[in-house]
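**Q** Supplied in structure tokens, the structure appears directly below.
The values are calculated or read from the model by the stated rules, or taken from the named source; none is laboratory data. On a predicted model such as this, the values are computed, not experimentally measured, just so you know. So basically every Cβ, Gly included, is an ideal-geometry build from the backbone, and we count neighbours across all protein chains shown. Keep in mind that these areas ignore ligands, DNA and RNA; they rest on the heavy atoms of the full protein, side chains included. Shrake-Rupley method; radii C 1.70, N 1.55, O 1.52, S 1.80 Å.
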Amino acid sequence: MKFKRIIIQYLNVVFLILINNLYAQPLEFYDIMDSATVYETKVNYTSSDSGWISTSLVRDSVLLIAKYDYCGKLKYQKVFTIDTFKLSELNTTIESSIGSSGNSDSLYISCTVHSPEYNGIFCLIVHPYNGDYKIPQHFTIPNKTIFSNPKIVVNNNERLLFFNAGNHIDSLSGHLMRLDNNLTVLSSIFLDDYIPIRDLIPIDNNNYMVTMGDRLIGKLFNTLQFEYVYTLDSHYTHFNQNLSNSLRNNISFIGDYKQQANENTIGLLKFNYNTHSIDFSNNLVRYNPEVIPTFKYYNNIVENSSENYIITHLTSFGTNTLHANSIYRGKNLVLTSAYKPSNNYRTKSLSADYLSAENNFVLNGSYYDSSAFFQAKLNKSARLKQCSYISITNTIKLDSFGLDTFSQLHITPFSNPTINSTISNDTFTINLTRECKYFDFIIDTSMIPICRGNTDTSIIVSVKSNDPISITNPFVRYLWSDKVNTSTIDSITYDPSSKSYLSQFVIIKYCDETDTSFFIPMLVDCPPTLKLANVFVPNSQEDINKQYGLVMDDLAKLRIKTIKWSIFNRWGTKVFESKSYNEEWNGLYKEKDAPADTYVVTIQILDIYNHSHSFKKMFTLIR
């Protein structure tokens, strides 16, 4: 539903008119390609151009990197073949400093590789704006046959690579390698007792928080030594890649919390790494475990909301499996929106990131059926307004959460791994088809009030959305009817010297979308603003209301050409009359005190545009 609001502001002789629009996201869309043979995909925001980069595993040994601008237009595709390995368990990291959101220029890619000869971890650094790559590395560890959950963590000039390795899927141990900028191994450890690493994030230049095993959380120095380890509630189990930053010495993370054995729900937790205390959201969100939920913290500067989270997951709705995004503000669940995939496709992977320049989200993923690939640009509520999105209620109440110390973690150094790599260019093309879109910079005809007879007032007409993101959006352009070229100028001024106010229109452009708004002047009466008292106390000891007069500001007085105002008693007898807005009645009639009673004041004004205005009010005289 659209709405308009018109504000008239009197500043000397300037009218300011704002035309407002309810929605902020200029363009939402959902694009898909069938038969793309995409197995896994990740998406990362690139803040330098406010677009995103999509990294995908296609076919068995092919890595696809696709760069998109904020409109969802493809800028380039780069395709690499990684030896003859089969690639899986893709993870990506955009280099950034603590608390920022992808404001650097390096994309770190990691995945597991499998071949008849040996298995291991493959890593690659890519420049996201042109697709150039450097330092392809393949790490293998002797006598280890299974590798999983690799990820490169960037912290200033330090890089940590973690992964799990072993010889049986149920007995994998977490491995940590400290690397330099060229991915050269500086030191390495692994966790004894078959404890896998789930996720790791930096909390400052020298320290990290780590989630491990089913329910362990610990603080790690950059020397790869632990300061402490805690165990979490027995109902809780970590997801892989489940950590995110937060505020005030906290980190946030998600996992499965089972209050009932047959029900899968997501718990959102916060851990203070200084006080070692746990906090949690009271809302558990139901999810479908076919795809591991992903988790993102974001700072919404536009709306001055500094602690926000989005959890992207699958959820069940009746007999359907839906894509879902759950938005939290602090610990409070704001909403869960869900979307039914095309053709009832079964989802294989999901990934989302926050687009801070426009306060919205990008989502991509792949389907098992036909190996279809999709990506979508969502609005600030992480939903597609016109694409069959629904809001759902799927929460369970959580009242308490346990935390206890853990002292049985043992770490062991291991020798540097074998390193080799082979990478070559390949070809692969993704051509997306837009299934649905919503462009909401739509403003209809707007009437502009202009004082009748006005010849000395400039009128500024400004087109702005009610949501601040549209005011600051750097990509919206305007073409006014009296201009030749588009610009970022969102207002025009009607010049009073022209002695007339003509209708105007503006074409609003965003990406390839346009819409037109019309502004039509409308003559209205603009009487001078004045105030009249309800009570008159001529014998009062206070200065207030001892005299009865007209209260006007300077601008109202400037608009008056002539004025006549009179006061009458209840029988219609005129007891006072004046032709000056400065004169006041002292409560005397024929040099005697007028009696306490109800009186009527009438005012006739002729303004400087030769338009007449009348006012009438009753007041009480008290003695």
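**Q** Checking the conditions here, which among Asn272, Asn304 is surrounded by fewer than 16 Cβ atoms within 10 Å (Cβ to Cβ) and within 21 Å of the chain's Cα centre (by Cα)? Please lay out each step first, then the result.
**A** Numbers: Asn272 fails: within 21 Å of the chain's Cα centre (by Cα).
Only one candidate passes the filter, namely Asn304.
**Q** Mind checking which pairs have a first residue in segment 473-489 that is over 13 Å from Ser517 (Cα atoms) and part of a loop (DSSP other than H, G, I, E, B) and a second that is modelled with pLDDT of 80 or more and of a type in the set (A, V, I, L, M, F, W, C), Cβ under 6 Å, 6 or more apart or different chains?
**A** Short answer, once both residue conditions are applied: Thr486/Leu479.
**Q** Considering each residue of segment 548-589, count those that are under 15 Å from Thr620 (Cβ atoms) and not aromatic (Phe, Trp, Tyr), and give that number.
**A** 5
**Q** Considering only segment 144-162, state which residues are in contact with a strand residue (DSSP E or B) (Cβ under 9 Å, 6 or more places away or on another chain), not in a strand (DSSP E or B) and not β-branched (Val, Ile, Thr).
**A** Scanning segment 144-162 gives Lys144, Asn156.
**Q** Does segment 380-403 contain at least one residue that is in contact with an Asp or Glu (Cβ under 7 Å, 6 or more places away or on another chain), modelled with pLDDT of 80 or more and not β-branched (Val, Ile, Thr)?
**A** yes
**Q** Which one is most open to solvent (accessible area, probe 1.4 Å), of the residues in segment 526-561 that are β-branched (Val, Ile, Thr) and part of a loop (DSSP other than H, G, I, E, B)?
**A** Ile544
**Q** Only residues that are closer than 16 Å to Thr93 by Cα and in a strand (DSSP E or B): list them for segment 43-60, please.
**A** Selection gives Val43, Asn44, Tyr45, Thr46, Gly51, Trp52, Ile53, Ser54, Thr55, Ser56, Leu57.
Per-residue answers, yes or no, for (1) of a type outside the set (Val, Ile, Thr); (2) at pLDDT below 60; (3) surrounded by fewer than 16 Cβ atoms within 10 Å (Cβ to Cβ); (4) in contact with a Ser or Thr (Cβ under 9 Å, 6 or more places away or on another chain):
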| position | (1), (2), (3), (4) |
| --- | --- |
| Ile450 | no, no, no, yes |
| Ile459 | no, no, no, yes |
| Pro474 | yes, no, yes, yes |
| Lys483 | yes, no, yes, no |
| Asp490 | yes, no, no, yes |
| Ser498 | yes, yes, yes, no |
| Gln504 | yes, no, no, yes |
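**Q** Here's another thing I want to ask about it. Quick one: count up the residues across segment 50-70 that are of a type outside the set (A, V, I, L, M, F, W, C) and more than 16 Å from Phe374 (Cβ to Cβ).
**A** Counting residues in segment 50-70 that are of a type outside the set (A, V, I, L, M, F, W, C) and more than 16 Å from Phe374 (Cβ to Cβ) gives 8.
**Q** Sticking with this one: Those residues that are among the aromatic types (Phe, Trp, Tyr) and in contact with a Pro (Cβ under 9 Å, 6 or more places away or on another chain), I need them from segment 254-297; list them, please.
**A** Here is the first cut: in segment 254-297, the ones among the aromatic types (Phe, Trp, Tyr) are 257, 271, 273, 280, 287, 295, 297.
Matches in segment 254-297: Tyr287 only.
Residues checked against (1) at pLDDT 90 or above; (2) within 30 Å of Ile460 (Cα to Cα); (3) not β-branched (Val, Ile, Thr):
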{"site": "Pro538", "(1), (2), (3)": "no, no, yes"}
{"site": "Glu542", "(1), (2), (3)": "no, no, yes"}
{"site": "Leu555", "(1), (2), (3)": "no, yes, yes"}
{"site": "Lys574", "(1), (2), (3)": "yes, no, yes"}
{"site": "Phe619", "(1), (2), (3)": "yes, no, yes"}
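**Q** Based on what the data block shows, is Ile278 among the hydrophobic types (A, V, I, L, M, F, W, C), open to solvent by 20 Å² or more (accessible area, probe 1.4 Å), part of a strand (DSSP E or B) and out of contact with any helix residue (DSSP H, G or I) (no Cβ under 8 Å at 6 or more places or on another chain)?
**A** Yes, satisfied.
**Q** A further question on this structure: Report the residue count in segment 109-121 for those that are surrounded by fewer than 22 Cβ atoms within 10 Å (Cβ to Cβ), touching a residue at least 24 places away in the same chain (Cβ under 8 Å) and among the hydroxyl-bearing types (Ser, Thr, Tyr).
**A** Of the residues in that region, 1 qualify.
**Q** With a cut-off of at least 2 residues that are open to solvent by 30 Å² or more (accessible area, probe 1.4 Å), name the strands (runs of 3 or more DSSP E) lying wholly within segment 324-390.
**A** 332-339
**Q** Which of the residues spanning segment 122-143 are open to solvent by 10 Å² or more (accessible area, probe 1.4 Å) and part of a loop (DSSP other than H, G, I, E, B)?
**A** His127, Tyr129, Asn130, Asp132, Ile141, Pro142, Asn143
**Q** Answer with yes or no whether Trp571 is free of Cβ contacts under 8 Å to residues at least 12 places away in the same chain and among the hydrophobic types (A, V, I, L, M, F, W, C).
**A** So Trp571 passes the test.
**Q** Give segment 163-221 a look and list any residue that's among the hydroxyl-bearing types (Ser, Thr, Tyr) and either open to solvent by less than 30 Å² (accessible area, probe 1.4 Å) or in a strand (DSSP E or B) (or both), or say none.
**A** Passing the criteria: Ser173, Ser187, Ser188, Tyr208, Thr211.
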